[in-house]
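Structure first, commentary second.
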Amino acid sequence: MSALDQVVAKLRKALGDDLVSVVLYGSAAVGDREEKFSDYNLLCVLRQITPDQLRASETVFRWWREQGNPSPLLLTAHEMRTSTDCFAIEFHDLRDHHRILHGEDLVSGLEIDDSFYRAQVEHDLRARLLRLRQKASGILSDNEILLRLLMDSVSTFCVLIRHSLLLHGFEAPGRKRDVVARAQEHFGIDPEPFVTLLNLREGKGNPKATEPEKLLAAYMKQIGEVIDRVDVLAK
């Protein structure tokens with residue numbers, strides 16, 4: 001029995017009729033999961049969420065975390081319908097790339113309020129870039145740790161670049177390499193920093209032959225180019 005089958009079985013046993021749906025989302029849902037860097041992301045939709053449900057799921061969530069995965073997100077069906085405006089990025093990802101593991105499909109037909117979508121994409125891009133600079137400033141002389149920081153960050157930036165493409169009305173695939181190629185086509189970015197990091201994540205590159213500080217500079221420059229493309233959109 002796979003890890004996903006196991007967690008669904010445990011959740012069904014623990015939560016019973018309160019469990020409406022279990023949804024797999026993220027890289028694993030589009031076949032883009034990398035064993036060393038990716039985990040399984042789950043959304044559990046419950047009929048109600050009180051301390052009773054949290055207590056019932058505690059041992060399941062603890063077991064799931066011990067497998068190296070984050071705790072599932074918990075939402076009620078009402079919260080799914082009413083919170084799309086403040087989590088537009090997350091709900092677009094969820095609707096576009098998901099697998100229903102159990103129960104009702106409340107995702108495929110979800111209507112998303114895009115009122116704050118552009119602002120959220122720009123905010124997250126800028127916030128992630130600021131955080132990258134902040135972390136890099138304290139480890140710049142340690143090539144190994146700096147390179148790991150860059151590899152850890154590239155998946156999130158690919159997600160945000162995907163949403164930058166969607167904001168411009170361009171088709172945006174789910175796989176990270178396809179996103180980078182589409183951004184090169186439509187935004188004119190240099191894909192090399194992203195491709196280098198994706199290769200290293202997949203064990204296809206040589207970390208010792210990489211100069212992390214130069215890679216950081218090129219990487220930040222291209223992220224800045226994407227931010228500028230989002231910033232010029234109508235506000």
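Only the coordinates and a few stated rules stand behind these numbers; no lab work does. Note that the structure is predicted; figures quoted are calculated from it, not measured. Positions of Cβ are backbone-derived with ideal geometry, glycine not excepted, and every protein chain shown enters the neighbour counts.
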inquiry  = Tell me the angle of helix 143-167 to the major Cα principal axis of the chain, expressed in degrees between 0 and 90 and rounded to the nearest ten.
reply    = 70 degrees
Partner aspartates and glutamates for LYS13 [C-alpha distance under 16 Å; skip if fewer than 8 residues away on the same chain] = ASP5, ASP52, GLU58
ask   = Angle between the Cα long axis of helix 117-137 and the longest principal axis of the chain, 0 to 90 degrees, nearest 10?
value = 60 degrees
key: Peptide ranges 150-163, 64-77, 103-116 listed from the most packed, as the mean C-beta count within 10 angstrom indicates   = 150-163, 64-77, 103-116
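Please report the relative contact order for region 3-103, taking Cα pairs under 8 Å with a sequence separation of at least 6, and give it as a percent rounded to a whole number.
Taking the mean separation of contacting Cα pairs over the length of region 3-103, I get 39 percent.
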request  = Taking the dipole about the Cα centre of region 166-235, with the C-beta of Lys and Arg at +1 and of Asp and Glu at -1, give me whichever of VAL232, GLN222, PHE194 is farthest to the positive side.
outcome  = PHE194
inquiry  = Less than 11 Å Cβ to Cβ from LEU46, Lys/Arg counted +1 and Asp/Glu -1: what total charge do the surrounding residues give?
reply    = -3
query = Any idea what angle helix 212-231 forms with the longest principal axis of the chain, computed on alpha-carbon atoms, 0 to 90 degrees, nearest 10?
reply = 70 degrees
query = Tally Lys/Arg at +1 and Asp/Glu at -1 over every other residue whose Cβ is under 14 Å from the Cβ of SER21; what's the total?
reply = 0
note = Note on region 3-103: alpha-carbon gyration tensor, axes a ≥ b ≥ c; rule is a/c under 1.5 for rounded, else prolate if a/b larger than b/c, else oblate; result oblate
ask   = By its C-alpha gyration tensor, with a ≥ b ≥ c as the square roots of the eigenvalues, how is region 144-188 shaped: rounded for a/c under 1.5, else prolate for a/b larger than b/c, else oblate?
value = prolate
